[in-house]
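Reviewing the structure listed below.
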Amino acid sequence: MASFKLMNAILIVLAILSSSTFCSAYPGFSFGWGHGGGGGVSRPIGGLRFSGLSPGFYSQSCPQANDIVMSVLKTAISKDPRMAASLLRFHFHDCFVQGCDASVLLDDHPTFASEKKSGPNKNSLRGFEVIDQIKAKLEQACPETVSCADILALAARGSTFLSGGPNWELPLGRRDSKKASLNGSNNNIPPPNSTIQNLVKFFKRQGLNEVDLVSLSGAHTLGMARCTTFKQRLYNQNGNNQPDSTLERSYYHDLKAVCPKTGGDNNISPLDLASPVTFDNTYFKLIMSGKGLLTSDQVLLSGNLGTPMQLVKDFADDRMLFFNRFARSMVKMGNIRLLTGNKGEVRKNCRRVN
Ligand code: HEM
Ligand SMILES: *[C@@H]1O[C@H](CO)[C@@H](O)[C@H](O)[C@H]1NC(C)=O
Ligand SMILES: *[C@@H]1O[C@H](CO)[C@@H](O)[C@H](O)[C@H]1NC(C)=O
């Protein structure tokens with residue numbers, strides 16, 4: 001708790017001292033955090049406009065929404081620090097499939113199959129119970145008001161902040177879908193052995209560019225991955241029974257101990273081996289030294305595309321630059337193909353259509 005206060009103090013001081021764009025990720029720093037925010041500037045980050053959403057969407061109908069989310073998050077993350085990572089990832093797996101409409105939370109239904117069974121999600125996504133808890137509390141406080149899609153966005157932001165990362169003003173007002181897309185989940189979330197060209201393609205399909213790709217990949221400063229997602233790199237990266245040559249030697253040996261050639265598929269390893277529960281820029285420093293865990297992490301530095309490589313270097317050098325870009329790209333990702341107005345619905349239970 002003391003460290004969160006310290007973090008606040010540091011960020012506020014930086015915001016006051018600096019009028020540069022580096023810290024403009026915090027224009028509405030005190031918004032919705034129960035700190036009695038006076039100086040919040042209600043301007044979207046980077047001056048971008050997001051039609052249909054607004055940070056004050058629940059200011060009349062459920063002013064305590066973010067406080068409720070934060071209190072559940074604090075309890076869940078203090079019990080299990082990895083939960084912050086898992087909840088951050090949720091918003092990504094939601095937004096890349098049919099847009100940010102909480103389709104990822106739906107169970108099987110007679111007319112559609114749940115996304116929970118897809119390759120990227122099965123035995124992998126975690127934190128459904130935390131979302132259920134948040135939803136139950138919100139239904140008590142403000143029935144049928146806060147959408148599950150907004151809960152995922154709020155949980156992603158809160159988890160980032162509670163792990164030492166940036167806070168940002170979050171546009172709200174998403175509505176929930178009435179269906180899920182198992183096929184969409186299997187086909188739109190990039191696989192961990194993607195080339196840089198493929199990563200760019202998957203992101204472009206969502207209206208996201210190379211800056212968004214590198215910035216959002218920085219979410220891998222938190223959390224763990226299963227052996228099955230990086231085994232190819234250790235034993236047969238290019239079909240020649242050789243390890244990935246971009247993998248740093250000692251790290252390669254450490255990973256083999258966690259992830260044997262046969263079996264151990266569910267053993268886990270940190271995506272950021274230096275600080276897996278702290279949101280910082282060490283992920284980029286590690287990539288610089290050949291210690292990115294997934295192929296998709298390490299290829300940001302290689303390949304023939306100049307922009308991602310330069311950004312990895314910039315972010316490794318400048319934590320605030322990374323925080324600012326991350327916040328911006330999260331807002332952008334949170335704006336993918338939304339249901340707003342009277343489209344979709346506000347689910348009463350995130351697992352089922354009403
Ligand atoms: C660039 C393409 C990406 C690929 C290929 C990718 C792939 C993966 C894989 C394979 C895992 C491990 C899953 C498991 O073993 O169960 C993982 C974990 C994770 N991903 Fe990504 N990811 C990508 C982008 C993102 C983005 C955009 C975010 C969020 C903004 C994100 C957040 C996370 C987090 C926080 C974890 C750790 C989850 C946990 O510990 O529960 N990833 N990712
Ligand atoms: C599955 O998803 C892919 C990618 O979005 C799409 O091209 C394909 O048409 C979909 N297939 C079905 C059966 O919906
Ligand atoms: C990625 O992994 C999948 C599944 O294991 C495999 O079919 C595919 O060939 C791999 N792609 C690359 C580029 O190695």
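Tabulated data
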quantity	calculated
Answer from LEU247, LEU213 - the residue that is more than 8 Å from ligand 1 (Cβ to nearest atom) and not assigned by TED's automatic domain parsing to the domain that holds LYS122	LEU247
Filtered residue count, the range 319-341, keeping only those that are more than 30 Å from GLU129 (Cβ to Cβ) and touching a residue at least 40 places away in the same chain (Cβ under 8 Å)	7
Some residue of the range 200-208 being more than 11 Å from ligand 1 (Cβ to nearest atom) and part of a loop (DSSP other than H, G, I, E, B)	yes
Filter result for LEU170 (outside the structural domain of LYS313 (by TED's automatic domain parsing), of a type outside the set (Gly, Ala, Ser) and under 16 Å from the mean Cα position of the chain (by Cα))	yes
Residues of the range 117-132 that turn out to be farther than 12 Å from SER181 by Cβ and assigned to a helix (DSSP H, G or I), as a count	5
Considering residues of the range 211-241 that are in contact with a Lys or Arg (Cβ under 6 Å, 6 or more places away or on another chain) and over 21 Å from PHE315 (Cβ atoms) only, the residue surrounded by the fewest Cβ atoms within 10 Å (Cβ to Cβ)	TYR235
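The values are calculated or read from the model by the stated rules, or taken from the named source; none is laboratory data. Keep in mind that what you see is a predicted model, and the values were worked out from it rather than measured. So basically every Cβ, Gly included, is an ideal-geometry build from the backbone, and we count neighbours across all protein chains shown.
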